[in-house]
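S.K.: Sending over a structure as structure tokens; questions will come in a sec.
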Amino acid sequence: MRYQTRFDKPLEQELQRYLESLINDLALELIRTRFDFDSAVHNARKLIKELRALLRLLKPVCLEVHDDLRQTLSSTAHILAPHRDRFVMVNVWSEFAASLPSHPDIDKIGVLIKEEAERAPPPDQEKTQTRLQEANCLLLQHKDLLQQRPWSGDIDADWFCMRLARLYRQGQAEFRRVRGGIDAEDRHELRKRLKDLMYALRVIKPVWNKSLRRLHNGLKKVTEGLGDANDLNLLEHAVTDTDVSGREQIRLELSAAQQALWEKVDQQASRRFADKDDKFRDLIRKQVS
């Protein structure tokens, strides 16, 4: 279970415990793949993203052992990726096709997308579990090393507030850069920056006030919307690659749906980034001091 940060204790000690709790949670999910594979893979992927975001937040005080942990997280994510990628296109198409007006080529495109998904070699689940248990052993070894010497420097409330404010500023700048745009890669970069901020805010969840809770929940909605739009973008490319004569009309429907999601995301993100970063920093300092 995730450790709840206490701000009446030394902050560097509390951050260490928080990091260890995420590693423990991930280790349990990797073990759970033996019994509830799909659910455990889904949870493990989210925990890997959160751990990597936390390490980016604390990068200035990280040691070589943290680099080793990053590498293990990266390789584990690579192992898990095919178990999502193989079926996501079919599932997204099924949901989208149900919302389309009647079109003679919908079924044809659905068949082609399913055939393309099935053409890829199915992931070897037994082999995957073996590799995941090896990764699990590495995770626990990293945790032991981190306990011996967790950080390269001191961490106090001012330093931590500065790092959080930096993530807020980066997210705000990235949003202003891509707002109103239609470049899928730009939107994907925005999603990564906002996820970093969202996960960092969870470190201080015990001292959230209404403003921070709204910010976190808003970021969750925005990143989910960006994720849905990204899936539609991948689907648009898949439809374009088919040889069905009516694909252009359906591609335009996908493009319109993606644009609508981006517009909604822009409205939501505008409310979340209304404050200047110094006001955000002062808010954080007030809560953690």
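S.K.: Looking at this structure, is Leu73 within 20 Å of Asp228 (Cα to Cα), touching a helix residue (DSSP H, G or I) at 6+ places or on another chain (Cβ under 6 Å), open to solvent by less than 60 Å² (accessible area, probe 1.4 Å) and modelled with pLDDT of 85 or more?
M.R.: Against the criterion (within 20 Å of Asp228 (Cα to Cα), touching a helix residue (DSSP H, G or I) at 6+ places or on another chain (Cβ under 6 Å), open to solvent by less than 60 Å² (accessible area, probe 1.4 Å) and modelled with pLDDT of 85 or more), Leu73 does not qualify.
S.K.: Can you find even one residue in segment 145-153 that is surrounded by fewer than 14 Cβ atoms within 10 Å (Cβ to Cβ), in a helix (DSSP H, G or I) and out of contact with any strand residue (DSSP E or B) (no Cβ under 6 Å at 6 or more places or on another chain)?
M.R.: Within segment 145-153, one or more residues are surrounded by fewer than 14 Cβ atoms within 10 Å (Cβ to Cβ), in a helix (DSSP H, G or I) and out of contact with any strand residue (DSSP E or B) (no Cβ under 6 Å at 6 or more places or on another chain).
S.K.: Further question on the same structure: Do the conditions hold for Arg281, that is, is it surrounded by 14 or more Cβ atoms within 10 Å (Cβ to Cβ), over 23 Å from the mean Cα position of the chain (by Cα) and within 24 Å of Phe175 (Cβ to Cβ)?
M.R.: yes
S.K.: Report yes if some residue within segment 264-277 is more than 20 Å from Asn217 (Cβ to Cβ), loosely packed, with under 14 Cβ neighbours inside 10 Å and among the small types (Gly, Ala, Ser); otherwise report no.
M.R.: Checked against the condition, which is being more than 20 Å from Asn217 (Cβ to Cβ), loosely packed, with under 14 Cβ neighbours inside 10 Å and among the small types (Gly, Ala, Ser), segment 264-277 yields no hits at all.
S.K.: While we're on this one: Is there a residue being in a helix (DSSP H, G or I), of a type in the set (S, T, N, Q), at pLDDT 85 or above and open to solvent by less than 60 Å² (accessible area, probe 1.4 Å) anywhere in segment 84-98?
M.R.: No, there is no match, as no residue in segment 84-98 is in a helix (DSSP H, G or I), of a type in the set (S, T, N, Q), at pLDDT 85 or above and open to solvent by less than 60 Å² (accessible area, probe 1.4 Å).
S.K.: Still on this structure: Here is a check on your reading of the model: is Leu80 modelled with pLDDT of 95 or more, assigned to a helix (DSSP H, G or I) and surrounded by 15 or more Cβ atoms within 10 Å (Cβ to Cβ)?
M.R.: No, not satisfied.
S.K.: Being open to solvent by less than 20 Å² (accessible area, probe 1.4 Å) and either more than 20 Å from Met162 (Cα to Cα) or among the charged types (D, E, K, R) (or both): is that true of Ile31 here?
M.R.: No.
S.K.: For Leu215, indicate whether it is under 21 Å from Lys286 (Cα atoms), in contact with a Gly (Cβ under 6 Å, 6 or more places away or on another chain) and assigned to a helix (DSSP H, G or I).
M.R.: Here the answer is no, as Leu215 does not meet what is asked.
S.K.: Among what's in segment 1-26 and is open to solvent by 10 Å² or more (accessible area, probe 1.4 Å) and of a type in the set (A, V, I, L, M), pick the residue that is modelled with the lowest pLDDT.
M.R.: Looking at residues that are open to solvent by 10 Å² or more (accessible area, probe 1.4 Å) and of a type in the set (A, V, I, L, M), I get Met1.
Residues are listed down the side, and each one gets a yes or a no for (1) at pLDDT 90 or above; (2) touching a Gly at 6+ places or on another chain (Cβ under 8 Å); (3) open to solvent by less than 50 Å² (accessible area, probe 1.4 Å):
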residue: Ala200; (1), (2), (3): yes, no, yes
residue: Gly227; (1), (2), (3): yes, no, yes
residue: Glu236; (1), (2), (3): no, no, yes
residue: Thr240; (1), (2), (3): no, no, no
residue: Gly246; (1), (2), (3): no, no, yes
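S.K.: While we're looking at this one, here's another question. Counting just the residues of segment 166-198 that are over 15 Å from the mean Cα position of the chain (by Cα) and of a type in the set (Asp, Glu), which one comes out least open to solvent (accessible area, probe 1.4 Å)?
M.R.: Selected residue: Glu174.
S.K.: Being in a helix (DSSP H, G or I) and buried (at least 19 other Cβ atoms within 10 Å of the Cβ), is that true of even one residue in segment 202-210?
M.R.: Checked against the condition, which is being in a helix (DSSP H, G or I) and buried (at least 19 other Cβ atoms within 10 Å of the Cβ), segment 202-210 yields at least one hit.
S.K.: On the given criteria, is Asp158 over 21 Å from His78 (Cβ atoms) and within 21 Å of the chain's Cα centre (by Cα)?
M.R.: no
The values are calculated or read from the model by the stated rules, or taken from the named source; none is laboratory data. Keep in mind the model is a prediction, meaning the values are calculated, not measured. For neighbour counting, all protein chains shown are included, and Cβ atoms are generated from backbone atoms with ideal geometry for every residue, glycine included. What goes into the accessible areas is simple: the full protein's heavy atoms, side chains included, and nothing from ligands, DNA or RNA. Shrake-Rupley method; radii C 1.70, N 1.55, O 1.52, S 1.80 Å.
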